[in-house]
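The values are calculated or read from the model by the stated rules, or taken from the named source; none is laboratory data. As the structure is a computational prediction, the values presented were derived from the model and not from experiment. Note that each Cβ is placed from the backbone with ideal geometry, even for glycine, and that neighbours are counted across all protein chains shown. With ligands, DNA and RNA removed, areas are computed over all heavy atoms of the protein, side chains included. Shrake-Rupley method; radii C 1.70, N 1.55, O 1.52, S 1.80 Å.
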Amino acid sequence: LAGGGNIVIALNRVEGDLNQGMGNEVNTGLETWLAKIGIEVESSFIVDANCGAVSVVQQQGMFSFSTQIDFPYLPVFNTFYEHPVTSGLETVIMQFASPVNFLGDTSLIFTPLVFSSDKSGKLPVPVYFNIEKEWGNEDFPMKDIVAAGVLEGNIAGSYNAKMIVIGDGDFAVNGQGQQAQQLSPDNVNLLVNSIDWLSDDTGLIELRTRGITSRLLKQ
């Protein structure tokens with residue numbers, strides 16, 4: 001950054017352990033450095049009425065069956081600022097995302113990129129996950145919580161640099177072996193678009209996202 005280089009930072013500030021039913025803070029030291037340049041990745045969970053689901057196994061006598069239950073700690077993002085990084089994106093799903101805030105001055109330019117829905121909120125750690133909780137509108141008093149943004153300017157030296165910060169370190173990680181999972185295509189597109197834009201190579205972005213097929217039903 002000091003030499004004019006660019007960087008993508010996808011940072012976990014919280015982690016969820018579904019086996020223990022708890023959500024806790026994550027400290028890597030990177031959040032301290034980010035705070036010095038005016039970027040705060042909160043140690044809180046974004047919760048959203050527009051969310052993914054988890055499978056819950058229930059037992060009835062001799063039989064067990066799996067039920068899909070909406071889990072607001074898995075926010076689904078459909079609102080994006082018009083920018084090359086978000087070009088063509090429709091649905092990004094994050095696991096245990098945190099808000100990204102800019103607290104710096106006007107010497108740097110911060111552009112929010114990814115926003116929560118109009119029914120969202122945030123919960124500070126530690127959090128107890130209650131799968132049986134019935135969520136209501138009162139649990140989602142906020143809207144347009146920023147989950148990712150780009151910072152531009154003399155971030156760490158005398159050269160202009162660019163930095164994209166995403167409030168979930170696992171959004172583009174599909175795991176390995178038995179832990180592998182299928183990702184939303186736009187999760188991958190968000191990361192690759194970020195790298196292309198920071199590399200001043202935006203020619204493939206529009207082609208990459210042209211085949212998006214997600215068509216959500218209106219609530």
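Here is the figure for segment 43-84: residues that are touching a residue at least 24 places away in the same chain (Cβ under 8 Å), open to solvent by 40 Å² or more (accessible area, probe 1.4 Å) and within 24 Å of residue 16 (Cβ to Cβ) total 6. One residue is enough: does segment 178-189 have a residue meeting the conditions more than 16 Å from the chain's Cα centre (by Cα) and within 21 Å of residue 26 (Cβ to Cβ)? The answer is yes, given that some residue of segment 178-189 is more than 16 Å from the chain's Cα centre (by Cα) and within 21 Å of residue 26 (Cβ to Cβ).
Residues of segment 85-138 that are of a type in the set (Ser, Thr, Tyr), out of contact with any Lys or Arg (no Cβ under 8 Å at 6 or more places or on another chain) and touching a residue at least 12 places away in the same chain (Cβ under 8 Å): 86, 87, 91, 107, 111, 128. In segment 142-175, the qualifying residues are those that are under 19 Å from residue 10 (Cα atoms) and more than 16 Å from the chain's Cα centre (by Cα), and the one that is modelled with the lowest pLDDT is 175. Among the residues making up segment 60-89, those that are within 14 Å of the chain's Cα centre (by Cα) and either under 19 Å from residue 49 (Cα atoms) or among the polar types (S, T, N, Q) (or both) are 72, 73, 74, 75, 76, 77, 78, 79, 80, 86. Highlighted here are the strands (runs of 3 or more DSSP E) found entirely within segment 1-107 that include at least 1 residues which are within 14 Å of residue 148 (Cα to Cα), in contact with a helix residue (DSSP H, G or I) (Cβ under 8 Å, 6 or more places away or on another chain) and not acidic (Asp, Glu): 7-10, 39-41.
The single condition among (1) open to solvent by 70 Å² or more (accessible area, probe 1.4 Å); (2) farther than 25 Å from residue 157 by Cα that residue 36 does not satisfy is (2).
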